[in-house]
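Below is one structure; the comments refer to it alone.
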Amino acid sequence: MMTRNCIMYLVVSCWFVMGANSQDLHYSLFDMSPLNLNPANVGQFDGNYRFVGNHRHQWKAVTLPYSTYSAAIDANDILNCNNVHTGLQINQDRAGDSRFNTFMVNTSVGYSKSINADSSLVLSAALLPGITNRSIDYSALRFDAQYNGWSYNSALDNTENFQRESRTYFNLGSGFLAQYKLDDKKSFRLGVGLFNLTRPKQSFFNEDAIKLDMRWVVHGSADLLLSEKIAVIPGFLLMGQGTYRETLFGSKIRYLLQDMRGVYRALYGGAFYRNKDAGYLMLGMDYDNWKFGLSYDINLSSLRPASNGRGALELALIYVLKIYDPKIIKRRICRDFM
(Lines give C-alpha, C1' and ligand atoms only; values in the text may rest on other atoms or scores of the structure.)
Protein backbone atom coordinates (compact mmCIF):
# COMPACT_ATOMS: atom_id res chain seq x y z
CA MET A 1 0.00 0.00 0.00
CA MET A 2 2.79 2.39 0.90
CA THR A 3 4.57 1.75 -2.40
CA ARG A 4 1.36 2.37 -4.33
CA ASN A 5 0.73 5.69 -2.61
CA CYS A 6 4.32 6.82 -3.08
CA ILE A 7 3.97 6.14 -6.79
CA MET A 8 0.72 8.13 -6.79
CA TYR A 9 2.50 11.03 -5.11
CA LEU A 10 5.24 10.91 -7.73
CA VAL A 11 2.73 11.01 -10.57
CA VAL A 12 0.84 13.94 -9.08
CA SER A 13 4.09 15.82 -8.47
CA CYS A 14 5.00 15.33 -12.10
CA TRP A 15 1.68 16.91 -13.08
CA PHE A 16 2.60 20.04 -11.13
CA VAL A 17 6.22 20.28 -12.24
CA MET A 18 5.55 19.41 -15.87
CA GLY A 19 2.39 21.48 -16.22
CA ALA A 20 3.57 22.77 -19.58
CA ASN A 21 2.93 19.33 -21.05
CA SER A 22 -0.77 19.24 -20.16
CA GLN A 23 -2.86 17.78 -22.97
CA ASP A 24 -6.37 18.59 -24.14
CA LEU A 25 -9.25 16.12 -23.99
CA HIS A 26 -10.11 14.20 -27.15
CA TYR A 27 -12.42 11.40 -28.30
CA SER A 28 -11.95 8.18 -30.26
CA LEU A 29 -15.23 8.88 -32.07
CA PHE A 30 -13.68 12.15 -33.23
CA ASP A 31 -16.11 12.69 -36.11
CA MET A 32 -19.05 12.55 -33.66
CA SER A 33 -17.71 15.42 -31.54
CA PRO A 34 -17.43 17.93 -34.40
CA LEU A 35 -16.61 21.13 -32.48
CA ASN A 36 -13.93 19.38 -30.41
CA LEU A 37 -12.40 18.09 -33.62
CA ASN A 38 -12.37 21.36 -35.56
CA PRO A 39 -14.13 24.72 -34.94
CA ALA A 40 -14.80 24.95 -38.70
CA ASN A 41 -17.28 22.05 -38.35
CA VAL A 42 -19.78 24.51 -36.86
CA GLY A 43 -22.93 24.56 -38.97
CA GLN A 44 -21.70 21.86 -41.35
CA PHE A 45 -24.79 19.64 -41.45
CA ASP A 46 -28.09 19.37 -43.30
CA GLY A 47 -30.65 21.01 -41.03
CA ASN A 48 -31.28 24.03 -38.81
CA TYR A 49 -29.92 22.94 -35.39
CA ARG A 50 -27.62 20.13 -34.28
CA PHE A 51 -27.43 18.75 -30.73
CA VAL A 52 -24.39 16.65 -29.75
CA GLY A 53 -23.62 14.63 -26.62
CA ASN A 54 -20.45 12.62 -25.86
CA HIS A 55 -19.18 10.55 -22.93
CA ARG A 56 -15.84 8.75 -22.44
CA HIS A 57 -15.09 6.45 -19.47
CA GLN A 58 -11.42 5.41 -19.19
CA TRP A 59 -8.87 3.54 -17.02
CA LYS A 60 -11.37 1.91 -14.66
CA ALA A 61 -9.02 -1.10 -14.33
CA VAL A 62 -6.06 1.07 -13.24
CA THR A 63 -7.34 3.85 -10.95
CA LEU A 64 -10.42 5.95 -10.40
CA PRO A 65 -12.02 6.20 -13.84
CA TYR A 66 -11.26 9.20 -16.01
CA SER A 67 -14.60 10.61 -17.16
CA THR A 68 -15.22 13.09 -19.96
CA TYR A 69 -18.55 14.63 -20.96
CA SER A 70 -19.38 17.03 -23.77
CA ALA A 71 -22.59 18.74 -24.86
CA ALA A 72 -22.94 21.08 -27.83
CA ILE A 73 -25.47 22.85 -30.00
CA ASP A 74 -24.79 24.62 -33.28
CA ALA A 75 -27.00 26.41 -35.77
CA ASN A 76 -26.97 26.78 -39.52
CA ASP A 77 -27.42 30.16 -41.27
CA ILE A 78 -28.21 32.26 -38.19
CA LEU A 79 -30.25 35.49 -38.23
CA ASN A 80 -31.10 34.89 -41.91
CA CYS A 81 -27.43 35.40 -42.78
CA ASN A 82 -26.55 32.87 -45.42
CA ASN A 83 -23.47 30.79 -44.66
CA VAL A 84 -22.95 32.23 -41.14
CA HIS A 85 -23.02 29.62 -38.37
CA THR A 86 -22.66 29.65 -34.59
CA GLY A 87 -22.41 27.15 -31.74
CA LEU A 88 -22.03 26.62 -28.00
CA GLN A 89 -20.13 23.76 -26.35
CA ILE A 90 -19.50 22.58 -22.77
CA ASN A 91 -16.76 20.08 -21.87
CA GLN A 92 -16.29 18.46 -18.46
CA ASP A 93 -13.29 16.20 -17.72
CA ARG A 94 -12.30 14.66 -14.37
CA ALA A 95 -9.15 12.58 -13.91
CA GLY A 96 -7.65 10.40 -11.19
CA ASP A 97 -7.59 10.32 -7.39
CA SER A 98 -7.02 14.07 -7.13
CA ARG A 99 -10.23 14.70 -9.11
CA PHE A 100 -8.26 16.94 -11.44
CA ASN A 101 -11.12 18.76 -13.15
CA THR A 102 -11.31 20.69 -16.42
CA PHE A 103 -14.50 22.60 -17.24
CA MET A 104 -14.77 24.46 -20.56
CA VAL A 105 -17.40 26.71 -22.11
CA ASN A 106 -16.69 27.53 -25.76
CA THR A 107 -18.60 29.54 -28.32
CA SER A 108 -17.96 29.36 -32.04
CA VAL A 109 -18.76 31.40 -35.11
CA GLY A 110 -18.02 30.31 -38.65
CA TYR A 111 -18.48 31.21 -42.29
CA SER A 112 -18.72 28.91 -45.30
CA LYS A 113 -18.59 29.66 -49.01
CA SER A 114 -19.32 27.63 -52.13
CA ILE A 115 -16.42 28.04 -54.51
CA ASN A 116 -18.12 26.83 -57.71
CA ALA A 117 -21.61 27.13 -59.17
CA ASP A 118 -22.72 23.58 -58.37
CA SER A 119 -21.55 23.83 -54.70
CA SER A 120 -19.39 20.73 -55.11
CA LEU A 121 -16.52 22.53 -53.29
CA VAL A 122 -17.27 24.33 -50.01
CA LEU A 123 -14.67 26.06 -47.83
CA SER A 124 -15.29 26.98 -44.18
CA ALA A 125 -13.45 28.91 -41.47
CA ALA A 126 -14.30 29.57 -37.81
CA LEU A 127 -13.14 30.99 -34.48
CA LEU A 128 -13.62 29.29 -31.10
CA PRO A 129 -13.29 31.66 -28.10
CA GLY A 130 -13.96 30.21 -24.65
CA ILE A 131 -13.34 30.10 -20.91
CA THR A 132 -11.66 27.17 -19.09
CA ASN A 133 -11.44 26.41 -15.37
CA ARG A 134 -9.05 23.79 -13.97
CA SER A 135 -9.08 22.64 -10.35
CA ILE A 136 -7.65 19.93 -8.10
CA ASP A 137 -8.61 18.37 -4.74
CA TYR A 138 -5.49 17.97 -2.58
CA SER A 139 -7.41 16.35 0.29
CA ALA A 140 -7.75 13.09 -1.65
CA LEU A 141 -3.96 12.67 -1.99
CA ARG A 142 -1.45 11.01 0.33
CA PHE A 143 2.14 12.17 0.88
CA ASP A 144 5.35 10.71 2.34
CA ALA A 145 5.18 13.00 5.39
CA GLN A 146 1.89 11.36 6.40
CA TYR A 147 3.52 7.97 7.01
CA ASN A 148 4.68 7.49 10.60
CA GLY A 149 7.10 4.70 9.71
CA TRP A 150 4.53 1.93 10.02
CA SER A 151 1.29 3.13 8.46
CA TYR A 152 -0.49 6.09 6.88
CA ASN A 153 -1.95 8.70 9.24
CA SER A 154 -4.23 11.29 7.60
CA ALA A 155 -4.00 13.50 10.73
CA LEU A 156 -0.32 14.23 10.02
CA ASP A 157 0.57 17.41 8.17
CA ASN A 158 1.58 16.75 4.56
CA THR A 159 4.17 19.61 4.84
CA GLU A 160 3.25 20.81 1.34
CA ASN A 161 2.61 24.47 0.48
CA PHE A 162 -0.05 24.62 -2.23
CA GLN A 163 -0.52 28.11 -3.60
CA ARG A 164 -3.81 27.60 -5.47
CA GLU A 165 -6.46 24.97 -6.10
CA SER A 166 -7.84 26.29 -9.39
CA ARG A 167 -7.10 28.49 -12.37
CA THR A 168 -9.47 30.14 -14.87
CA TYR A 169 -8.35 31.48 -18.23
CA PHE A 170 -9.51 32.66 -21.66
CA ASN A 171 -8.68 30.46 -24.63
CA LEU A 172 -8.98 30.74 -28.40
CA GLY A 173 -9.11 28.26 -31.26
CA SER A 174 -9.67 28.42 -35.00
CA GLY A 175 -10.22 26.02 -37.87
CA PHE A 176 -10.47 25.54 -41.61
CA LEU A 177 -12.39 22.91 -43.58
CA ALA A 178 -12.71 21.89 -47.24
CA GLN A 179 -15.53 19.66 -48.49
CA TYR A 180 -15.54 18.31 -52.04
CA LYS A 181 -18.20 16.18 -53.72
CA LEU A 182 -16.73 14.58 -56.82
CA ASP A 183 -19.98 12.89 -57.87
CA ASP A 184 -22.93 11.02 -56.34
CA LYS A 185 -20.60 8.19 -55.24
CA LYS A 186 -17.55 10.01 -53.91
CA SER A 187 -17.07 12.89 -51.45
CA PHE A 188 -14.09 14.07 -49.38
CA ARG A 189 -13.37 16.23 -46.29
CA LEU A 190 -10.07 17.75 -45.15
CA GLY A 191 -9.68 20.04 -42.14
CA VAL A 192 -7.16 21.80 -39.91
CA GLY A 193 -7.90 22.86 -36.33
CA LEU A 194 -5.75 25.05 -34.05
CA PHE A 195 -6.36 25.25 -30.29
CA ASN A 196 -4.84 27.13 -27.31
CA LEU A 197 -3.71 29.99 -29.54
CA THR A 198 -3.46 32.25 -26.48
CA ARG A 199 -1.15 29.75 -24.68
CA PRO A 200 -2.71 30.37 -21.23
CA LYS A 201 -0.81 29.93 -17.94
CA GLN A 202 -1.23 26.51 -16.29
CA SER A 203 0.82 26.42 -13.10
CA PHE A 204 -0.85 25.95 -9.70
CA PHE A 205 2.40 27.34 -8.24
CA ASN A 206 2.08 30.66 -10.16
CA GLU A 207 5.01 29.88 -12.45
CA ASP A 208 4.41 32.20 -15.40
CA ALA A 209 6.66 30.19 -17.72
CA ILE A 210 4.40 27.11 -17.53
CA LYS A 211 1.82 27.51 -20.30
CA LEU A 212 -0.58 25.27 -22.17
CA ASP A 213 0.95 24.29 -25.49
CA MET A 214 -0.86 25.04 -28.72
CA ARG A 215 -2.54 21.96 -30.21
CA TRP A 216 -2.93 21.35 -33.94
CA VAL A 217 -5.17 18.81 -35.67
CA VAL A 218 -5.22 17.63 -39.28
CA HIS A 219 -8.10 15.32 -40.17
CA GLY A 220 -9.64 13.88 -43.29
CA SER A 221 -12.25 11.41 -44.46
CA ALA A 222 -13.93 10.09 -47.59
CA ASP A 223 -17.36 8.64 -48.35
CA LEU A 224 -17.04 6.08 -51.15
CA LEU A 225 -20.18 4.32 -52.38
CA LEU A 226 -19.35 0.77 -53.49
CA SER A 227 -22.88 -0.32 -54.30
CA GLU A 228 -26.46 0.82 -53.79
CA LYS A 229 -26.33 -0.36 -50.14
CA ILE A 230 -22.65 -0.37 -49.07
CA ALA A 231 -20.18 2.49 -48.61
CA VAL A 232 -16.65 2.64 -47.20
CA ILE A 233 -15.73 5.65 -45.03
CA PRO A 234 -11.96 5.78 -44.35
CA GLY A 235 -10.60 8.48 -42.06
CA PHE A 236 -7.45 9.73 -40.35
CA LEU A 237 -6.42 12.18 -37.66
CA LEU A 238 -2.98 13.67 -36.96
CA MET A 239 -2.55 15.71 -33.79
CA GLY A 240 0.32 17.37 -31.96
CA GLN A 241 0.67 19.29 -28.71
CA GLY A 242 4.08 20.21 -27.37
CA THR A 243 6.28 17.12 -27.71
CA TYR A 244 3.29 14.76 -27.98
CA ARG A 245 2.02 13.32 -31.26
CA GLU A 246 -0.99 11.20 -32.11
CA THR A 247 -1.75 9.33 -35.33
CA LEU A 248 -5.13 7.69 -35.77
CA PHE A 249 -6.47 5.95 -38.87
CA GLY A 250 -9.03 3.35 -39.86
CA SER A 251 -12.31 2.92 -41.67
CA LYS A 252 -16.04 2.46 -41.21
CA ILE A 253 -18.44 0.54 -43.42
CA ARG A 254 -22.01 1.81 -43.85
CA TYR A 255 -24.91 -0.44 -44.80
CA LEU A 256 -28.01 1.37 -46.00
CA LEU A 257 -31.29 0.00 -44.68
CA GLN A 258 -33.77 2.55 -45.98
CA ASP A 259 -33.61 5.86 -47.80
CA MET A 260 -36.76 7.64 -48.90
CA ARG A 261 -38.45 10.98 -48.36
CA GLY A 262 -38.18 11.79 -44.62
CA VAL A 263 -36.81 8.34 -43.71
CA TYR A 264 -33.11 7.42 -43.52
CA ARG A 265 -31.79 4.30 -41.74
CA ALA A 266 -28.22 2.95 -41.88
CA LEU A 267 -25.84 0.78 -39.82
CA TYR A 268 -22.10 1.34 -39.30
CA GLY A 269 -19.19 -0.79 -38.16
CA GLY A 270 -15.48 -0.06 -38.16
CA ALA A 271 -12.01 -0.42 -36.69
CA PHE A 272 -9.34 2.22 -35.99
CA TYR A 273 -5.78 2.25 -34.65
CA ARG A 274 -4.16 4.94 -32.50
CA ASN A 275 -0.38 4.76 -32.92
CA LYS A 276 1.50 3.22 -29.93
CA ASP A 277 -1.60 3.52 -27.74
CA ALA A 278 -4.75 1.57 -28.61
CA GLY A 279 -6.99 0.04 -31.21
CA TYR A 280 -10.73 0.44 -31.04
CA LEU A 281 -13.89 -0.97 -32.57
CA MET A 282 -17.00 1.09 -33.23
CA LEU A 283 -20.66 0.50 -34.04
CA GLY A 284 -23.16 3.12 -35.10
CA MET A 285 -26.58 3.77 -36.52
CA ASP A 286 -28.40 6.54 -38.37
CA TYR A 287 -32.12 6.64 -37.62
CA ASP A 288 -33.77 9.52 -39.46
CA ASN A 289 -32.45 12.67 -37.69
CA TRP A 290 -30.60 10.68 -34.98
CA LYS A 291 -27.01 9.40 -35.06
CA PHE A 292 -25.67 6.99 -32.43
CA GLY A 293 -22.08 5.80 -31.93
CA LEU A 294 -20.42 3.32 -29.55
CA SER A 295 -16.71 2.47 -29.33
CA TYR A 296 -14.37 0.50 -27.08
CA ASP A 297 -10.61 1.04 -26.83
CA ILE A 298 -8.28 -1.95 -26.44
CA ASN A 299 -5.13 -0.73 -24.72
CA LEU A 300 -1.89 -1.64 -26.55
CA SER A 301 0.53 0.73 -24.78
CA SER A 302 3.09 0.07 -22.02
CA LEU A 303 0.22 0.41 -19.52
CA ARG A 304 -1.33 -2.82 -20.84
CA PRO A 305 -0.08 -5.05 -17.94
CA ALA A 306 -1.84 -2.79 -15.42
CA SER A 307 -4.96 -2.22 -17.51
CA ASN A 308 -5.32 -5.85 -18.67
CA GLY A 309 -5.83 -4.39 -22.13
CA ARG A 310 -8.97 -2.52 -21.07
CA GLY A 311 -9.09 1.08 -22.21
CA ALA A 312 -12.13 3.29 -22.69
CA LEU A 313 -15.82 3.01 -23.42
CA GLU A 314 -17.26 5.86 -25.44
CA LEU A 315 -20.80 6.91 -26.39
CA ALA A 316 -21.95 9.60 -28.82
CA LEU A 317 -25.39 10.89 -29.78
CA ILE A 318 -26.34 13.50 -32.38
CA TYR A 319 -29.76 14.90 -33.26
CA VAL A 320 -30.34 17.23 -36.20
CA LEU A 321 -33.48 19.37 -36.12
CA LYS A 322 -34.92 20.34 -39.47
CA ILE A 323 -37.63 22.99 -39.35
CA TYR A 324 -40.18 22.63 -42.11
CA ASP A 325 -40.68 25.97 -43.82
CA PRO A 326 -43.55 25.71 -46.32
CA LYS A 327 -43.25 28.02 -49.28
CA ILE A 328 -46.30 30.11 -50.08
CA ILE A 329 -47.05 29.84 -53.78
CA LYS A 330 -48.97 32.78 -55.12
CA ARG A 331 -51.62 31.93 -57.72
CA ARG A 332 -53.91 34.15 -59.74
CA ILE A 333 -57.44 32.75 -60.05
CA CYS A 334 -59.17 33.54 -63.34
CA ARG A 335 -62.89 34.23 -63.34
CA ASP A 336 -65.19 31.83 -65.17
CA PHE A 337 -66.27 34.38 -67.80
CA MET A 338 -62.72 35.17 -68.87
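The values are calculated or read from the model by the stated rules, or taken from the named source; none is laboratory data. The model shown is predicted, which means the values in this text are computed figures rather than measured ones. Glycine also receives a Cβ, built like all others from the backbone with ideal geometry; neighbour counts cover every protein chain displayed. Areas reflect the complete protein model, heavy atoms only, side chains present, ligands, DNA and RNA absent. Shrake-Rupley method; radii C 1.70, N 1.55, O 1.52, S 1.80 Å.
When you check Asp223 against the structure, is it open to solvent by 20 Å² or more (accessible area, probe 1.4 Å), of a type outside the set (Lys, Arg) and over 19 Å from the mean Cα position of the chain (by Cα), yes or no?
Numbers: open to solvent by 20 Å² or more (accessible area, probe 1.4 Å): yes; of a type outside the set (Lys, Arg): yes; over 19 Å from the mean Cα position of the chain (by Cα): yes.
The answer is yes for Asp223.
Taking the residues in segment 226-239 that are touching a Ser or Thr at 6+ places or on another chain (Cβ under 8 Å) and open to solvent by 60 Å² or more (accessible area, probe 1.4 Å) as candidates, determine which candidate is farthest from Gly284 (Cα to Cα).
Looking at residues that are touching a Ser or Thr at 6+ places or on another chain (Cβ under 8 Å) and open to solvent by 60 Å² or more (accessible area, probe 1.4 Å), I get Leu238.
List, please: which pairs have Cβ atoms under 8 Å, are six or more places apart or on different chains, and start with a residue in segment 206-220 that is free of Cβ contacts under 8 Å to residues at least 12 places away in the same chain and farther than 13 Å from Val192 by Cβ and end with one that is open to solvent by 70 Å² or more (accessible area, probe 1.4 Å) and part of a loop (DSSP other than H, G, I, E, B)?
Hits for this filter: zero, empty list.
Looking at segment 79-126 only, could you name the residues that are closer than 27 Å to Phe188 by Cα, touching a Gly at 6+ places or on another chain (Cβ under 7 Å) and open to solvent by 50 Å² or more (accessible area, probe 1.4 Å)?
Correct list: Thr107 only.
Residues of segment 69-78 being open to solvent by 60 Å² or more (accessible area, probe 1.4 Å) and either at negative phi or not in a loop (DSSP other than H, G, I, E, B) (or both), which ones? Spell out how you get there, then give the answer.
Pass one, segment 69-78, residues open to solvent by 60 Å² or more (accessible area, probe 1.4 Å): 69, 73, 77.
Those that are open to solvent by 60 Å² or more (accessible area, probe 1.4 Å) and either at negative phi or not in a loop (DSSP other than H, G, I, E, B) (or both): Tyr69, Ile73.
Kindly list the number of the only condition in (1) under 25 Å from Asp24 (Cα atoms); (2) under 23 Å from the mean Cα position of the chain (by Cα) that fails for Ser203.
All conditions are met except number (2).
For segment 34-51, how many residues meet the condition of being surrounded by 24 or more Cβ atoms within 10 Å (Cβ to Cβ), in contact with a strand residue (DSSP E or B) (Cβ under 6 Å, 6 or more places away or on another chain) and not in a loop (DSSP other than H, G, I, E, B)?
So the answer is 4.
Mind counting the residues in segment 127-163 that are closer than 30 Å to Val109 by Cβ and open to solvent by less than 60 Å² (accessible area, probe 1.4 Å)?
Here is the first cut: in segment 127-163, the residues closer than 30 Å to Val109 by Cβ are 127-135.
With the extra rule that they be open to solvent by less than 60 Å² (accessible area, probe 1.4 Å), the set shrinks to 128-130, 132-135.
Result for segment 127-163: 7.
Any chance segment 168-177 includes a residue that's farther than 23 Å from Leu88 by Cα and either of a type outside the set (Gly, Ala, Ser) or open to solvent by 80 Å² or more (accessible area, probe 1.4 Å) (or both)? Even if it seems obvious, please write down each step before you answer.
Taking segment 168-177 as the starting set, the residues that turn out to be farther than 23 Å from Leu88 by Cα are none.
No, every residue in segment 168-177 fails to be farther than 23 Å from Leu88 by Cα and either of a type outside the set (Gly, Ala, Ser) or open to solvent by 80 Å² or more (accessible area, probe 1.4 Å) (or both).
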